[in-house]
Amino acid sequence: MLEAALAFAEGNRAQALDELKNFLRIPSISTLPEHTPDVRRAAEFLADELRRIGMENVRLIETSGHPLVYADSLHAPGKPTILCYGHYDVQPPDPLDEWLSPPFEPTERNGNIYARGAVDDKGQLWMEVKALEALLKAGPLPVNVRVLSEGEEEVGGEGIATYLREHHEELKCDVALVCDTELFAPDLPTLCVGLRGMIYTEIEVRGARTDLHSGMYGGAAPNPFVALAQVIAKLKDDEGRILIPGIYDGIEAPTAAELEAWKSLPFDEEHYRETEVGSSVLTGEPGYSVLERTWARPTLDVHGMPGGFTGAGAKTVIPAKALAKVSLRLVPGMTPQDTFDKLRSYVATITPKGVSIEVRLIHSGEPVVVGTDNPFIHAATEAMHAVFNKDTVFVRGGGSIPIVGDFARQLHVPAVMMGFGLPDDNLHAPNEKLTSATFTAAQNRSFASCLWRGDESAFQARSLERLEFFKR
Ligand code: BES
Ligand code: MN
Ligand code: MN
């Protein structure tokens, strides 16, 4: 049956990529209100396709924000139920002038498809859908499947979190299969076992009642941008340590075995600096490796400072207010509420005179580390071994997928994070891409992962031994 499915996938590769391109043409930017209708259009596009391939009970589920897309196929009694997750929303495409081809006109170059959402996450979501299509062509699915896709992942995922909390009975499953992460290196089978959480905030500084002439009032009126810069400068020290009191209290370090495993990953700092970061040096907390700093330590970043005069030319003004978008990434042992409270109290103590500051929470998500001593991780490991003929590496991701923690907390099921992005895919940046070859290969690999038929004896000692030290 798998052979028939793989043959279908191979024969329909061009078709699948064309469909993906149509999906990518819909600018489903969840954070921009003017794109709300496009986000819904993407949801409908996905639902139509799930219907067409033979999934059942396909429907849009309304939330306080963008809709969820649900589908199921539950005809394998006695077999496990897999909840397939991906998100159909994307990040804004700016800065537009750095794209070599338009972000919503998917373009093939050098074996890649360039478009916003190519890998994060429409391309990967499409892999799941195409895997299901091929398996359905070959006969009834070997396992029970539910599909749950959201259109708000990139803005914190509040809608899906509420739905999970209120409807966990309707989502009964044994495992969540999340396709929204990446391979550690090309052709290196990878499972992601941890994600950072985050709080995304806005810091607003207010000074004078209204904007003022900077010649008439400069010297007497407080400048909120200067005040904001002073505040931001006190959030981190020169070496990259976060200065918010107590911020590092209670952090759970990775186990010695996990840290040891990271050391044997094929990672070269200099290559990473050169090809992925492109800065003159790497920065960050002293005493930790790059992988520790990006996977297992909290960070604080400033994303933008809107306000004042930013147009071409010059305007002499003291703005009445200034804004900064500031986020922290959280690791196990930290909670969004506690982190936000600490940030807010600290900012109050460093607020310069003459201005007032408000810190607002925009969205948040918990950090997560998933257990690996379950048959689904074993199945995924074996499946990837069958396809790549290599041992799977277990990594964490520095990014966040807020709902993943809720799969454990609300549905009480493990998550398998099997993603097929590549390290240089430019997520959230100009020229985001999906390597076309990955699409087909990954598709086949996804099929393989669906092979799990409840026969644990098929999973050999190889992966079990290697997983031993991840048990928690
Ligand atoms: N798919 C990413 C997260 C990711 C990337 C995990 C690479 C592991 C490896 C996801 O779409 C994302 O970007 N999430 C946002 C979440 C936030 C806005 C709540 C993020 O991490 O910034
Ligand atoms: Mn994503
Ligand atoms: Mn993303």
Expressed to two decimals, the stretch 221-332 has a Cα Rg over Rh, using the Kirkwood radius, of 1.08
Sorted largest first, the C-alpha extents of the stretch 95-149 along its principal axes in whole angstrom are 47, 23, 12
Given a Förster distance of 30 Å, the FRET efficiency implied by the Cβ-Cβ spacing of ASN374 and LEU74, rounded to the nearest 0.05, works out to 0.90
Along the dipole axis of the stretch 106-264 (charges at Cβ: +1 for Lys and Arg, -1 for Asp and Glu; origin at the Cα centre), the most positive-end residue among LEU136, ILE199, LEU183 is ILE199
Cα extents of the stretch 75-227 per principal axis, largest first, Å, are 78, 45, 26
Rounded to the nearest 10 Å², the accessible area of ASP424 using a 1.4 Å probe with every protein chain kept is 80
Once normalised by the length of the stretch 269-410, the mean sequence separation of its alpha carbon contacts under 8 Å that are 6 or more apart gives a contact order in percent of 19
Counting only protein heavy atoms and leaving out ligands, DNA and RNA, the solvent-accessible surface of SER264 at a 1.4 Å probe, in Å² to the nearest 10, equals 90
Between the alpha carbon centres of the stretch 1-44 and the stretch 155-224 the gap in Å comes to 25
Surrounding charge for ALA7, neighbours by C-beta under 14 angstrom, Lys/Arg +1, Asp/Glu -1, total 0
Rh (Kirkwood, all Cα-Cα pairs) for the chain, Å, reads 23.7
Relative contact order as a percentage, the stretch 1-98, C-alpha pairs under 8 Å and 6+ apart, gives 24
The answer for the chain, accessible area per residue at 1.4 Å probe in Å², is 43
A 1.4 Å probe over the protein heavy atoms gives the chain a carbon and sulfur accessible-area percentage of 51
Accessible-area order for ARG146, ARG52, ARG329, largest to smallest, probe 1.4 angstrom, reads ARG52, ARG329, ARG146
Sorted on mean Cβ neighbours within 10 Å (highest first), peptides 393-402, 30-39 come out as 393-402, 30-39
All alpha-carbon distances of the stretch 210-253, grouped into 5 Å bins from 0, give the whole-percent distribution 5, 17, 17, 15, 12, 9, 10, 8, 3, 3, 1
Within the stretch 1-44, the residues whose backbone N lies under 19 Å from a label point placed 7 Å from the Cα of GLU108 along the Cα-to-Cβ direction are 8-26
One finds the C-alpha centres of the stretch 283-362 and the stretch 99-125 to be spaced, in Å, by 31
As a percent rounded to 5, the proportion of antiparallel DSSP bridges among beta bridges in the chain is 70
Rounded to one decimal in Å, the inverse mean reciprocal Cα-Cα distance for the stretch 51-136, i.e. its Kirkwood radius, is 15.4
With Cα coordinates, the longest principal axis of the chain makes an angle with the long axis of helix 122-138, in degrees rounded to 10, of 10
What helix-only [θ] at 222 nm does the chain give? Using -39500 (n - 2.57) per DSSP H run of at least 4, over all residues, to the nearest 500, the answer is -9500 deg cm²/dmol
Long-range share for the stretch 147-249, i.e. C-alpha pairs more than 25 Å apart as a percent of all pairs, stands at 57
Output for the stretch 242-321: trypsin sites (Lys or Arg not before Pro) sitting in coil per DSSP, at most 13 other Cβ within 10 Å, listed by number, reads LYS315
The Rg/Rh figure for the stretch 249-291, Cα atoms and Kirkwood Rh, to two decimals is 1.03
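The values are calculated or read from the model by the stated rules, or taken from the named source; none is laboratory data. Note that this is a predicted model, so its numbers are computed, not measured. Glycine also receives a Cβ, built like all others from the backbone with ideal geometry; neighbour counts cover every protein chain displayed. Note: areas computed on protein heavy atoms with side chains; ligands, DNA, RNA excluded. Shrake-Rupley method; radii C 1.70, N 1.55, O 1.52, S 1.80 Å.
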